[in-house]
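I have placed the structure first, in the form of structure tokens, so that the comments after it can refer back to it.
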Amino acid sequence: NNKVTATELDISGNMDIDGTSNLDNTDIDGTFAVDGTTISMDATTSLNIDNSNTSNGITIGTATSGVPISIGHTTSETTINDNATVTGNLSVGGTFDVTGTIDFSDSAITNAGDIQLDSITGDGDTNTAITFSGSDVITIKTGGSNRLTIGDGALSPSTDNEIDLGTSSLEFKNAYFD
């Protein structure tokens, strides 16, 4: 009716504890099932799941479709230390800050709204670019050199005596000057 003190306890049947169970070290060989509303872990170190078994992955999900999964606190950061693959849609409610490279694998970007860029470089052709280099200045580069500058009210070559308007086989139809 009170307390049992033992150095080892082996129970072959079920164990039902109505109060609090304080386990200093737990080793579960089978399934860990919790029938309750909250699992709370108060740890001062890290939580490792599937730390030594490299053949199985980790699945975090809900039993009902459409129920959200939250990771992290609203003011904390969540870090993914390796690759992340999203097979569904990805929605970012805040700022999407990338310090590396975004590779769209030749996919189209649609319905983008406003995109602020420093430059656009051709895929597989680093000698060609459009650079937004300053206040009201766009520079077009071909052949590895700046060729044409579009400024506030002026369309001009980037270097004197550098480019032609048309070619011997491709001529402009009309030109109108004031």
Suppose the filter is over 16 Å from the mean Cα position of the chain (by Cα) and open to solvent by less than 100 Å² (accessible area, probe 1.4 Å); does Ser145 pass it? yes
Looking at region 89-124 only, could you name the residues that are modelled with pLDDT under 85, open to solvent by 60 Å² or more (accessible area, probe 1.4 Å) and more than 30 Å from Thr79 (Cβ to Cβ)? Asp123, Gly124
Give me the pairs, please: first residue somewhere in region 160-175 and under 12 Å from Arg147 (Cβ atoms), second residue anywhere and open to solvent by less than 100 Å² (accessible area, probe 1.4 Å), beta-carbon distance under 6 Å, and either six or more positions apart or on two chains. Ile163/Arg147; Ile163/Pro157
Hey, among the residues in region 100-154 that are hydroxyl-bearing (Ser, Thr, Tyr) and not in a strand (DSSP E or B), which one's farthest from Gly166 (Cα to Cα)? Thr101
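The values are calculated or read from the model by the stated rules, or taken from the named source; none is laboratory data. Being a predicted model, the structure only gives us computed values, none of them experimental. All Cβ positions, even for glycine, are placed from backbone atoms using ideal geometry, and neighbour counts span all protein chains on display. SASA here: full protein model, heavy atoms, side chains in, ligands and nucleic acids out. Shrake-Rupley method; radii C 1.70, N 1.55, O 1.52, S 1.80 Å.
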